[in-house]
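Here's the structure, in structure tokens; my notes come after.
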Ligand code: IVH
């Protein structure tokens, strides 16, 4: 039975619905956390919470004391032990068109400075499963783990051992003493159909697609259940190795095969951009006949020495890209538009849809981004919309089917003026530095808004930020509900609060050991590297990469914090200094100024900092001629590309800046250098040619040159 849209509920219906939702959400929380047997998907669960929030927004006086809005839902329990990957398991950047594939090739040639000869690539099917890392020592499988967040995965060795494609012992010879083989666990179409047929016959829930089924099968607590699922494994990469075992990806694949792994027979070695495009067409044609799901083609630079030179950009390699197949589309009806509040208070409209299957999964919600987007596409509640889903990308509404609009037409969507949080604070439209209105609407409640506070704290304890052992989202939610943890510093105060800890020992699920572990977990994070400290603050536009840039740029917490105070006061020198950092632009500066401009944020940060020992940014190398120097490259470089020069300079402990200022130590100027060179001359800075620079860093070409 379709739900009544929130906007149509009478007050009596709303009250009843809130009771129903509170009970349902509590029951699902229990099923999820205690019984480890969720009965609905994450998306369905989110929808329940959103509906609850939507109703509360319309009828603030009906908000229940035990409203689920005041509790935090959370992620999986820790049923498997954590495995830290020695070499992180990265993801891939995506390309969606021929042009983007060609640009990938062009980018690589530019970076490597290769003009004429075509580059060799491997083109491999992108298997739509889940990746796993298998560690072999002395040729014997010692541990297998899921990818997790790329840095820490779950130990699923027993389950992986049930997969017939995974050798317990490596075959042949020539394997390094330590080698981590990586690849994809997947379920074939036939096995998927069989599994779902069995589930259906037994009256159990079926899986939405082969990938979910593979993930569910691999994460069984009982490996005997995994053993009944005919999972497959294709090897395509590796992590830690004690010795190199191939000069190129193509040979590496052959080696993996020789050691007893399955590799995808459709993989090819191709040359140049043309080869990339051709391989894509072939894979597209082969796709329906493969018998397992693929969602694109992975291109990798074949030569491993070139891969090494190309390196990485934060979480993705520069030397590989995934060319994705186009998104699948479907039609469905838009039933309601609800508002969702994010960590930074941005309020996003979310479409509630009549459930529809697209790209193998059932979609019930889709983001509508912002009010302008809704107006631009003229999306109205009741419309039939075209929904699109590409891979694991969030489903999007492409547009409206005009001919299907109900008669009389529903009114255009009006953005509510208040936040759906129980405080119903007025929403403000964000403005840019110059005063222009942006599309973003924010809840002005900040830390007073329970959604924002919770989202901030969630971010704070997340794996990439503080990652406190024993303080997952579940525990955080409980402490939040108890009123013990309302801001980051509270976490560290809790660890010292003897009375609280005594009380905690009396709570369900806690005992002497778990409290001791929690305290140890918190204490272990009291010393935190500067970049994580910055990232943990959850400032808009300051993700991991930018946090690292800021940490390296300022060096220490006192330097960073006092600079931010000055940025908040819009001190021109401080702003210029920030702007001069590589990859830092207007959005970051504005976000930092806004964040530190708020008195309560400054208080929260300084109370947090008082609890911590913040480690200075990892000291860049100090034993080189350019260590600690700020370098600006300008004009054309002839022996290496700009990116390569930058990477090399940073590896030697230099800072690379984008603009010339008093703080610049060295300007490396090539042919065509313009205003930066002029500024350098005016400031009387050291200006070097490219060859002089290379001599300085000891990378000089043979002597008769230059
Ligand atoms: S290579 C550093 N090769 O795609 C790059 N990944 O979006 C490591 N995948 O996490 C990945 N087929 O789960 C690679 N032939 C293939 C792949 C493949 C599927 C998956 C893998 C990875 C994701 C990245």
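FYI, it's all coordinate maths here, none of it is from the lab. Because the structure is predicted, anything quoted here is derived from the model rather than measured. All Cβ positions, even for glycine, are placed from backbone atoms using ideal geometry, and neighbour counts span all protein chains on display.
Assorted remarks:
- Mean projected area in nm² (Cα convex hull; one quarter of hull surface) for the range 606-706: 8.3
- Coordinate range along principal axes, alpha carbons of the range 499-648, Å, largest first: 69, 35, 22
- Distance between modelled label sites at residue 357 and residue 65, nm, 7 Å Cα→Cβ extension: 4.7
- With semi-axes defined as the square roots of five times the eigenvalues of the C-alpha gyration tensor, the equivalent ellipsoid of the range 561-603 measures 17, 11, 8 Å, largest first.
- For the range 185-278, the equivalent ellipsoid built from the Cα gyration tensor has semi-axes of 34, 18, 10 Å, listed from largest to smallest.
- Ellipsoid semi-axes in whole angstrom, largest first, where each is sqrt(5λ) of the Cα gyration tensor of the range 208-250: 30, 13, 9
- The peptide list 167-180, 648-661, put in order of mean Cβ contacts within 10 Å with the highest first, becomes 648-661, 167-180.
- Taking each residue as 0.36 nm, the span from residue 114 to residue 228 lengthens on full extension beyond its C-alpha to C-alpha distance by 36.0 nm.
- For the chain, the relative contact order works out to 10 percent when only alpha carbon pairs closer than 8 Å and six or more residues apart are counted.
- Between residue 665 and residue 372, the C-beta separation translates, for a Förster distance of 41 Å, into a calculated FRET efficiency of about 0.35.
- Remark: 189, 459 ranked as 189, 459, counting other beta-carbon atoms within 10 Å and listing the fewest first.
- Counting only DSSP beta bridges whose two residues both lie in the range 219-345, roughly 100 percent are antiparallel.
- Principal axis extents of the Cα atoms in the range 258-333, from largest to smallest and rounded to whole angstrom, are 50, 32, 27.
- Translational diffusion of the chain, µm² s⁻¹ [Kirkwood Rh, Cα pairs; Stokes-Einstein; 10 °C; 1.306 mPa s]: 55
- Kirkwood Rh and Cα Rg combined as Rg over Rh, evaluated for the range 61-165: 1.18
- Once the C-beta distance of residue 527 and residue 155 is scaled by a Förster radius of 41 Å, the resulting FRET efficiency is 0.95 to the nearest 0.05.
- Global dimensions of the range 376-520 from alpha-carbon coordinates: Rg and Dmax equal 22.3, 67 Å.
- Considering only beta bridges that DSSP places wholly inside the chain, some 85 percent are antiparallel.
- Ranking of 134, 476 by neighbouring Cβ atoms within 10 Å, starting from the fewest: 476, 134.
- Dividing the helix sum by the residues of the chain, where each DSSP H run of 4 or more adds -39500 (n - 2.57), gives a mean residue ellipticity at 222 nm of -11000 deg cm²/dmol.
- Residues 61, 369, arranged from fewest to most other Cβ atoms within 10 angstrom of their Cβ, appear as 61, 369.
- Cα convex hull, the range 285-440: 185 Å³ per residue, rounded to a whole number.
- With each label modelled as a point 7 angstrom along the Cα→C-beta vector, the residue 23-residue 7 pair spans 3.0 nm.
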